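Written below as structure tokens is the structure these notes are about.
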Amino acid sequence: MPALHYKAPWWLPGGHLQTIWSALYARKRHAPHHPLLRERWETPDGDFIDVDRQLASRPDRPLMVMFHGLEGSSRSHYAQACADWAAEHDVQWVMPHFRGCSGELNRAARAYHSGDHAEIDWILRRLRTAHRATGGQVVVALGVSLGGNALMRWAGEHGDAAREQLDAVAAVCSPLDLARSGHAIGRGFNRQVYTRMFLRSMKPKALAKLAQHPGLFERARLLAARDLFDFDNVFTAPLHGFRDAHDYWQRASAKPLLGRVRVPALLVNPLNDPFVPASSLPRLQDVSPCVTLWQPRHGGHVGFATGHWPGHVRGLPDRVGHWLLQAASFEREGAHG
């Protein structure tokens with residue numbers, strides 16, 4: 001397996017700076033942007049998701065599926081960096097947008113959440129079937145932050161059966177213990193900067209959903225929400241079948257299921273991630289032998305900038321992308337050996 005090592009540039013110290021600079025200012029690509037093809041998929045419950053795809057030289061080339069983080073999209077800095085890496089290595093790259101994250105409000109009286117393993121399963125089954133139909137074999141998946149927790153929740157729920165859909169998975173900067181991470185982002189600097197940033201996007205979308213489905217929740221309570229716990233208590237939890245935010249954060253967390261993962265998996269969690277407390281991270285006794293833990297000292301939250309000023313965020317896909325393809329190769333050699 002490829003070596004996993006990362007050290008932040010000397011000019012980019014600390015988790016907050018590594019997080020913010022990488023998202024806003026670091027370069028995202030080595031090469032010019034490759035055009036993305038958008039597909040609209042009708043969901044089994046009468047809704048839709050939008051899926052962005054970047055093609056490789058042949059349809060049977062390896063396929064990388066990427067699940068974005070909270071309020072992310074194919075325009076997110078980490079998504080652009082991974083698409084750039086995929087183009088450079090002739091890998092097909094696909095990003096299914098969670099409901100309401102593609103720039104258009106979805107139809108149903110629901111949105112998306114951190115533990116939606118059923119949605120992940122439906123997406124992966126459809127992609128695997130289509131890939132096999134074109135002669136493709138290798139499918140790997142990468143989830144970032146919220147998307148990584150949902151992906152690992154899926155891997156834990158499905159156990160051995162997950163190998164039928166994926167050859168390897170990775171979760172990057174994922175809040176695998178949602179309660180610990182949720183409380184961390186609701187305090188101090190995190191509350192003033194990151195919480196406000198997320199709510200600035202999430203509240204208008206929730207209000208648009210209320211206009212679409214009158215009576216869905218109490219408008220005044222949503223407007224009064226000042227952190228993610230309040231928002232999840234009013235919106236995310238009840239819309240997706242949870243009793244309240246406490247119930248949602250407990251039941252949607254992937255950490256309790258990591259011992260049941262049977263597909264090669266990489267969990268990347270920098271120790272200075274402002275969103276994910278180091279004390280909440282899984283230890284070797286918490287995971288199955290299929291899981292590799294990489295907990296570097298640096299990286300921030302989906303940062304991993306490299307090089308000279310202003311830096312480049314290809315540090316993440318350069319390491320994780322190679323790990324996924326190598327793990328998938330070992331998995332296939334073992335299956336046929």
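The values are calculated or read from the model by the stated rules, or taken from the named source; none is laboratory data. As the structure is a prediction and not an experimental result, all values here were calculated from the model. Positions of Cβ are generated from backbone atoms using ideal geometry, with glycine treated the same way; all protein chains shown enter the neighbour counts. These area figures cover heavy atoms from the full protein model, side chains too; ligands, DNA and RNA do not enter into them. Shrake-Rupley method; radii C 1.70, N 1.55, O 1.52, S 1.80 Å.
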Check: Given the C-alpha centroids of region 134-198 and region 99-125, what is the distance between them in whole angstrom?
Finding: 14 Å
Next item on the list: Take every DSSP beta bridge with both residues inside the chain and express the antiparallel ones as a percent of the total, to the nearest 5.
Entry: 35 percent
Notebook entry, point to check: Which is the longest part of the chain that has none of the chymotrypsin sites (Phe, Trp or Tyr not before Pro) sitting in a DSSP loop with at most 12 other Cβ atoms within 10 Å?
Noted result: 12-337
Check: Convex hull volume of the Cα atoms in region 184-337, per residue, in Å³?
Finding: 170 Å³
Next item on the list: For every helix of n ≥ 4 consecutive DSSP H residues, a contribution of -39,500 (n - 2.57) applies; sum these over the chain, divide by its total residues, and give [θ] at 222 nm rounded to the nearest 500 deg cm²/dmol.
Entry: -10500 deg cm²/dmol
Item checked: For the chain, built as a Gaussian network whose Cα springs stay under 10 Å, the top-fluctuating residue of Lys205, Lys255, Lys28 -> Lys205
Notebook entry, point to check: Using a basic spin-label model with each label point 7 Å from the Cα along Cα→Cβ, how many nm lie between Thr129 and Ser329?
Noted result: 3.1 nm
Checklist line | Calculated diffusion of the chain, Stokes-Einstein form, Kirkwood radius summed over Cα pairs, 37 °C and 0.692 mPa s, µm²/s | finding: 164 µm²/s
Next item on the list: Any chance you could run the full-extension gain for His30 through Ala224? It's 0.36 nm times the residue separation minus the Cα-Cα distance, nm to one decimal.
Entry: 65.5 nm
Checklist line | Accessible surface, per residue, of the chain when the full set of protein chains is kept, probe 1.4 Å, Å² | finding: 41 Å²
Next item on the list: For the chain, give the percent of accessible area contributed by carbon and sulfur heavy atoms, probe 1.4 Å, rounded to a whole number.
Entry: 54 percent
Check: Which of Asn269, Asn233, Asn149 moves most in a GNM of the chain, Cα contacts under 10 Å?
Finding: Asn233
Next item on the list: With r as the distance between the Cβ atoms of Asp286 and Gln192 and R0 = 22 Å, compute the FRET efficiency 1/(1 + (r/R0)^6) and round to 0.05.
Entry: 0.10
